[in-house]
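Okay, so here's the structure we're looking at.
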Amino acid sequence: MISLYDTHGIPPEIARESAEELGASVELPDNFYSLVAKTHIKAEAEETTKPVLPGKTELLFYEHPFEQVFEAEVLDVVDGSVVLDRTLLYPEGGGQPADHGTLENATQVFQVVDVQKSGDVVLHKLAKPGGLQKGDHIKGCVDMRRRMAHARHHTATHLVHDSAKRVLGKHIWQAGAQKSEDRARLDISHFKRITEEELKAIELEANRRVMETVPVKTQFLPRTEAEKLFGFELYQGGVPPGKQIRVVRVGTDIEACAGTHVTNTGMIGAIKILRTERVQDGVERIEFAAGEAAVLASQERDDLLGEASGVLRVPAEQLPKTAERFFEEWKGQQKEIERLKEELAKARLRTLTAEAQEVDGLKVVVQKMGQADIDELLKAASLLAEQDYVALLGSETGKLVAAVGRSGLAKGVKAGAIIKVAAKALGGGGGGKPDLAQGGGPDVAKLDEALKVGMEKMRAGP
Ligand SMILES: [Zn+2]
């Protein structure tokens, strides 16, 4: 039943009705949705094996999300990380990175580069450990630019998730999320690729929620009460530990969530979806930017368009047509080049056969072919062999090709043997089959000599 719901989006009530129509009776457990939620969070729960430190740090950022400065006492220093009795700095969790900031005493300012939770205490990792000790009074300060960028992306994640549900269907479940200062990504369960149209609809829907300037409401509730009120969808972002859980409401999206949010959707600013990706079977990743980062991401795209316009020397709106025209023209030109090469080969062949000699009853062509590349040599030599010539062609770049037609082969003339001696004269090597062989060497000045010894090899036979 869980798999029917979770994998195929069939609600248990429907599954039960269908089963009953077929004469089967199905018991639906009261905690069905909690069971579903648990299957989703197993992976996360297994990761928390760190030892837990004693004590308790009061978390000030929930009640004072926009306050930047606080005072606190150092409770302990553990491996260079400072434990405070209270803090405004958010510890990494729920896919939201830690706040950065500073702690300062009377004489020094310490940079905080990471904040982690351990049990009920918060550890502040300093860029340069040392200098603070138990009992010190400090002033703390939050890097608000970083915090607000996280809060915007975090709150936007709720909206994108909710919008994905509206557009794609109720079966959408958050499979993971990660936020940073300039990007966020949301992984959702969905068994098809999200189409361009659906993606645009999700983006528009999320931005509409922003424009509605809906307050973001948070409250701590006893777990059982919260579950009774809001059901299993509370646990879309995972099941938090503890008897009290923090319920975050962003419009119609209601989740148990411990992250930092803006207090009104209007504070998010623009939400720009950047791309989607299939990260595993049945999981689609939506990457997006919010607030200032969304504007910067749009500007980056404009820059890309601008560059492409510059290269093709047309305004951006004419890019698709122009690119298509250029591509078609290019394809046509490729065909034309092929045709001309063919013509050239035939013309060359006429020139070559005009200068053919007769050696031991065989028609022989030994020629220099300017700067011809190996493909041209191979083509010309093969055509000559087809017309029953024995050919040795050389290029000023030091490449050699020999080919032997059926009369030559009958007499035991071998292309491989011809190439061996000729290439040796160029200070190189080569070989191949009796009917076709290639080689070359670096002493390009000795090309005439190479062709001469090659020709002697034809006469000498095998
Ligand atoms: Zn949240």
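The values are calculated or read from the model by the stated rules, or taken from the named source; none is laboratory data. Keep in mind that what you see is a predicted model, and the values were worked out from it rather than measured. Cβ atoms come from the backbone with ideal geometry, glycine included; neighbour counts cover every protein chain shown.
Some values worked out for this structure:
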| item | result |
| --- | --- |
| Number of positions in the range 394-440 that are among the hydrophobic types (A, V, I, L, M, F, W, C), crowded, with 24+ Cβ neighbours inside 10 Å and closer than 14 Å to K363 by Cα | 4 |
| Scope the range 102-156; condition surrounded by 14 or more Cβ atoms within 10 Å (Cβ to Cβ), within 21 Å of L53 (Cα to Cα) and basic (K, R); matching residues | K117, K125 |
| Selected residue [loosely packed, with under 15 Cβ neighbours inside 10 Å, among the aliphatic types (A, V, I, L, M) and free of Cβ contacts under 8 Å to residues at least 60 places away in the same chain] from L349, L383, L296, L344 | L344 |
| The range 239-252, subset modelled with pLDDT of 90 or more and of a type outside the set (K, R), residue nearest to the ligand (Cβ to nearest atom) | V248 |
| Among (1) closer than 23 Å to L59 by Cβ; (2) more than 14 Å from the ligand (Cβ to nearest atom); (3) in contact with a Gly (Cβ under 9 Å, 6 or more places away or on another chain) - the single one T157 does not satisfy | (2) |
| Hits in the range 197-238 (condition: β-branched (V, I, T), over 18 Å from S163 (Cβ atoms) and within 14 Å of the ligand (Cβ to nearest atom)) | T218 |
| Test: residue in the range 185-198 that is under 32 Å from the mean Cα position of the chain (by Cα), crowded, with 17+ Cβ neighbours inside 10 Å, closer than 15 Å to I268 by Cβ and not basic (K, R) | yes |
| Residues being free of Cβ contacts under 8 Å to residues at least 40 places away in the same chain and over 12 Å from G454 (Cβ atoms) - total across the range 406-417 | 3 |
| The listed residue being closer than 30 Å to N207 by Cβ and out of contact with any helix residue (DSSP H, G or I) (no Cβ under 6 Å at 6 or more places or on another chain), out of E355, E300 | E300 |
| The listed residue being touching a His at 6+ places or on another chain (Cβ under 7 Å) and either among the hydrophobic types (A, V, I, L, M, F, W, C) or not in a strand (DSSP E or B) (or both), out of V167, V216 | V216 |
| Selection status of D182, acidic (D, E), part of a strand (DSSP E or B) and within 28 Å of the chain's Cα centre (by Cα) | no |
| All positions within the range 221-246 that are within 14 Å of H261 (Cβ to Cβ) and either touching a Lys or Arg at 6+ places or on another chain (Cβ under 8 Å) or small (G, A, S) (or both) | G237 |
| Lone qualifier among R152, R246 - being of a type in the set (D, E, K, R), touching a Cys at 6+ places or on another chain (Cβ under 9 Å) and touching a residue at least 12 places away in the same chain (Cβ under 8 Å) | R246 |
| Looking only at the range 199-242, and only at residues there that are touching a strand residue (DSSP E or B) at 6+ places or on another chain (Cβ under 9 Å), surrounded by fewer than 18 Cβ atoms within 10 Å (Cβ to Cβ) and among the basic types (K, R), the one that is nearest to H64 (Cα to Cα) | K217 |
| 3 or more residues over 20 Å from R459 (Cα atoms) and modelled with pLDDT of 90 or more: qualifying helices (runs of 4 or more DSSP H) within the range 330-446 | 374-386 |
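Let's see how each residue does on (1) more than 16 Å from the ligand (Cβ to nearest atom); (2) not in a helix (DSSP H, G or I):
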| residue | (1), (2) |
| --- | --- |
| V262 | no, yes |
| G266 | yes, no |
| L274 | yes, yes |
| V279 | yes, yes |
| E284 | yes, yes |
| F288 | no, yes |
| A294 | yes, no |
| L304 | yes, no |
| S309 | yes, no |
